[in-house]
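Written below as structure tokens is the structure these notes are about.
The values are calculated or read from the model by the stated rules, or taken from the named source; none is laboratory data. Worth saying up front: this structure is predicted, and the values here are computed from it rather than measured. Cβ: placed from backbone, ideal geometry, glycine included. Neighbour counts: every protein chain shown. The protein model used for the area step is the full one, side chains on, heavy atoms only, and it has no ligands, DNA or RNA in it. Shrake-Rupley method; radii C 1.70, N 1.55, O 1.52, S 1.80 Å.
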Amino acid sequence: MRVLIIEDDQKIVQMLVKGFAEAGFNPQASNTGTEGLALAQSEQFDLLIVDVMLPGVDGFSLVSELRKTQSSTPVIFLSAKRSTEDRIEGLQRGGDDYMVKPFSFSELLARAQAVLRRTAKTPESNKLTFEDLELDLLSRTVRRSGQKIELHQKEFALLECLLRDRERVLTKTQILEKVWSYDFDPQTNVVDVLVCRLRAKIDKGFGKKLIQTIRGVGYALRVH
């Protein structure tokens, strides 16, 4: 699952990125309200973690603007403001939860998981499918032709990335950005190694090969 963290305190950002990544999420961070709003409007995320006091657009205004476009992405506000009035405003502006700083990551993660369960429209909305391949975002399980496939964290993140953009070719740079969430040397072979590992689990032993190499470009989930 993709989580966008919009927070200008770099120590908090580092803690959240590390924590969510270890919990199996695919985190991305922005340190200004203006940039965060643009990202939230242009890309698909499963959860937003939004600081209230941000440079540029403040957190409340950011979420209000998103809700105008019927965005239903769940939002958890982070704030040093602890009054009842501030909490109420956060919920009225479109937030699904509100946490006061300082906070423990374990509590934030529990609340994030609860919000995701609560806001899921149908069980199907938590699943990504292609042909006979199915990935369940909440239970973090993968099946092909009904057979359960065990994936490591990065393998799961790569498969989620390919499923969200199925039929579309993703470059190595795009995969690096989406799966690792920070800069790597584009010439590194970590993407090729990870694709090879995933292909061995997803395609080996099945009739159709789903993970395709587009030479000189990247990879795609598609059937010839």
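Using a simple spin-label model with points 7 Å from Cα along the Cα→Cβ vector, what separation in nm is obtained for THR34 and LEU109?
The two pseudo-label positions are separated by 3.5 nm.
Between SER139 and SER42, take the C-beta separation as r, use R0 = 25 Å, and let me know the FRET efficiency to the nearest 0.05.
Numbers: r = 29 Å, r/R0 = 1.15.
That gives a FRET efficiency of 0.30.
Given the convex hull of the Cα atoms of the chain, what is a quarter of its surface area in nm²?
Values: hull surface 51.1 nm².
Reported value for the Cα convex hull: 12.8 nm².
GLU22 to LYS127: extension gain in nm, 0.36 nm per residue of separation minus the Cα-Cα distance? Don't skip to the end; give the middle numbers.
On the way: separation 105, 0.36 × 105 = 37.80 nm, distance 2.10 nm.
Roughly 35.7 nm would be gained on extension.
Report the dimensions of the range 124-224 along its three principal axes from the alpha-carbon atoms, largest first, rounded to Å.
So the extents along the principal axes, rounded to whole Å, are 37, 29, 20.
For the range 1-116, evaluate the Debye formula with one uniform point scatterer on each Cα (no solvent term) and list log10 I(q)/I(0) at q = 0.12, 0.22 Å⁻¹, rounded to two decimals.
-0.35, -1.34
Tell me what the chain gives for mean residue ellipticity at 222 nm when only DSSP H runs of n ≥ 4 count, each as -39,500 (n - 2.57), the sum divided by the residue total, rounded to 500 deg cm²/dmol.
Numbers: 8 runs with 86 residues, N = 224.
So the helix-based figure for the chain works out to -11500 deg cm²/dmol.
Which value in nm describes the separation of the simple spin-label points at MET53 and GLU167, placed 7 Å from the Cα toward the beta carbon?
About 4.8 nm separates the two model spin labels.
Cut-off under 23 Å on the C-alpha distance; same-chain residues fewer than 8 positions from LYS11 excluded. Which lysines are left, in chain and number order?
Partners found: LYS81, LYS101, LYS178.
Multiplying the sequence separation of ARG67 and LYS81 by 0.36 nm and subtracting their Cα-Cα distance, what value in nm do you get?
That pair, ARG67 and LYS81, stretches by 2.8 nm at full extension.
Ordering LYS209, LYS68, LYS127 by how much accessible area each has at a 1.4 Å probe, largest first, what is the list? Mind dumping the intermediate values first?
Values: LYS209 100, LYS68 140, LYS127 70 Å².
Putting LYS209, LYS68, LYS127 in descending order of accessible area: LYS68, LYS209, LYS127.
As a test, work out the antiparallel percent of DSSP beta bridges whose residues both lie in the range 1-152, rounded to the nearest 5.
On the way: 11 of 28 bridges.
Of all bridge pairs located within the range 1-152, approximately 40 percent are antiparallel.
Please report, in whole Å, how far the alpha carbons of the range 86-163 spread along each principal axis, starting with the longest.
49, 25, 18
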